[in-house]
2 protein chains.
Amino acid sequence: MALGLLFFLEINVAKMIGIKSWPRRRKVLVVRALLMNFMRNFIVVGHKATTSPNFSLEDIPGTSGRLDILCRSVTAGFVLSHGIRKDVCVYLVLLGGTVPKTIVLQGETLRHLNPDERTTAALLKKALAIEAKPEWAMSTSGIFVRTGGLAEVLADLKVARILYLKEDGADIRGVECSGLSCDAAFIMGDHTGITDEEETLIEQVGAKTVAIGPMSLHADHCIVLLNWMLDTGMVGSNEKWFK
Amino acid sequence: MALGLLFFLEINVAKMIGIKSWPRRRKVLVVRALLMNFMRNFIVVGHKATTSPNFSLEDIPGTSGRLDILCRSVTAGFVLSHGIRKDVCVYLVLLGGTVPKTIVLQGETLRHLNPDERTTAALLKKALAIEAKPEWAMSTSGIFVRTGGLAEVLADLKVARILYLKEDGADIRGVECSGLSCDAAFIMGDHTGITDEEETLIEQVGAKTVAIGPMSLHADHCIVLLNWMLDTGMVGSNEKWFK
């Protein structure tokens, strides 16, 4: 309720003072995110992704159970042309070991992230070298690891709306988005998709199944699009787009 | 004129037979691209990008003049979840040597492209090992190289519309897009942007300067967004989005 009121005020104040240019709109977005503590959460499930640091940085796809997909999802979530998105969390669910692990990267305190795949893989390698327990343990600044898989991530999520990305879902542009703001979580699979058991878990938390476009895209490309949709108000704050 | 008529017919036939679902729309898009020989051309200018194959695959950003940016632009242009976009060309303008070189990757015949950065860098390394001349020479299937920079690429382009991506350009969603279809070229810079001299060249070919959103994004993320905008008809074929 309080959030809704603030949002209404912000949109109308922006209209009243005539903020039309992208740079000024960007400032409003950043101020909003900081003031209202909105977070964009991206959850990527890597079914074969290794939980061990013993993979080769010289052949990430071939030795890590396609951790390269998750590395690209991280950079898609965070990197801007000359900066990092502070209002993003990326959860990587790693199921390619005997015990599942989850790594979370939090934009607010994230350090040492470069846009290239290898540097990201090196950061994940460090996180996987830590002895994981059911409680979060910090690896480097803004990167935490623990044991547990998708069920644990979903149990922890405290967001207004959860969207599950699937090719045959409803067109995201037409979804009724009341309640969806930047404070949302988006779940997607790796190259193998999402299993039936995982879908059941996702349904149990009331997630809406949506499709992002006519083509079947990689997880990192979906994240780029979702960030942009939230940046532009195409989903979340601006109902005029949903005609 | 003939293209416009075909486009009009296609849109109306799709409406008449009630194509609403994404998978069926995707089929229409693919058939259209194949029948009408539409191409999406992405041109990325790498001001420090090496023209020599003597860079290290173990440290692409540090040894190649940020060829990593161009590698990610290639994968953003082509890769789908389980396939390659056939209707895409990516031009990489490499200015980090004594003589400029251009590499072009053509979706229709492109082979050996994987989604990871290192494999793409290895393909470019092969192309740079060929002795470049002013005429295109094939490296591997779908990858060609020659000497010459942005001026030569612009001189060769035969497309309906050229758009130049710049942060302070007009909002792409509001641009008058008559004549813009999938048969278009999009020009963007690397982390250093586009120089004044290059801008003059771009203006001379009648390019429209557009911005893609409120945030300043990496070239590869812009390409993901542009592909999606063309996939969904958000730019190019569907004026209802431009309200």
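The values are calculated or read from the model by the stated rules, or taken from the named source; none is laboratory data. The model shown is predicted, which means the values in this text are computed figures rather than measured ones. Cβ: placed from backbone, ideal geometry, glycine included. Neighbour counts: every protein chain shown.
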Checking B:LEU105 against (1) in contact with a helix residue (DSSP H, G or I) (Cβ under 8 Å, 6 or more places away or on another chain); (2) more than 28 Å from B:VAL205 (Cα to Cα), which test does it fail? (2)
Is there a residue in region B:167-178 that is in a loop (DSSP other than H, G, I, E, B) and within 13 Å of another protein chain (Cβ to nearest Cβ)? no
If you check B:GLY107, B:GLY148, which single one turns out to be in contact with a Lys or Arg (Cβ under 7 Å, 6 or more places away or on another chain) and surrounded by 14 or more Cβ atoms within 10 Å (Cβ to Cβ)? B:GLY107
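Let's see how each residue does on (1) surrounded by 21 or more Cβ atoms within 10 Å (Cβ to Cβ); (2) in contact with a strand residue (DSSP E or B) (Cβ under 8 Å, 6 or more places away or on another chain); (3) in contact (Cβ under 8 Å) with a residue 60 or more places away in the chain; (4) within 14 Å of another protein chain (Cβ to nearest Cβ):
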| site | (1), (2), (3), (4) |
| --- | --- |
| A:ASP190 | yes, yes, yes, yes |
| A:GLU197 | no, no, no, no |
| A:LEU201 | no, no, no, no |
| A:ILE212 | yes, yes, no, yes |
| A:HIS218 | yes, yes, yes, yes |
I need the helices (runs of 4 or more DSSP H) fully contained in region B:51-134, keeping only those with at least 3 residues that are away from chain A (no Cβ under 14 Å). B:117-129
When region B:72-100 is checked residue by residue, the ones that are touching a Ser or Thr at 6+ places or on another chain (Cβ under 9 Å) and among the aliphatic types (A, V, I, L, M) are B:VAL74, B:LEU80, B:VAL90, B:LEU92, B:VAL93, B:LEU94, B:LEU95, B:VAL99
Give me the pairs: first residue in region A:135-159 and over 27 Å from A:GLU197 (Cβ atoms), second residue part of a loop (DSSP other than H, G, I, E, B) and basic (Lys, Arg), beta-carbon distance under 8 Å, and six or more apart or on different chains, which are they? A:THR140/A:ARG111; A:SER141/A:ARG111; A:GLY142/A:ARG111
Could you list, in sequence order, all residues of region A:57-104 that are surrounded by 24 or more Cβ atoms within 10 Å (Cβ to Cβ), small (Gly, Ala, Ser) and within 19 Å of B:HIS218 (Cα to Cα)? A:SER73, A:ALA76, A:GLY77
Which is among the charged types (D, E, K, R), under 17 Å from the mean Cα position of the chain (by Cα), modelled with pLDDT under 95 and under 25 Å from B:CYS222 (Cβ atoms), of A:ASP190, A:ASP156? A:ASP190
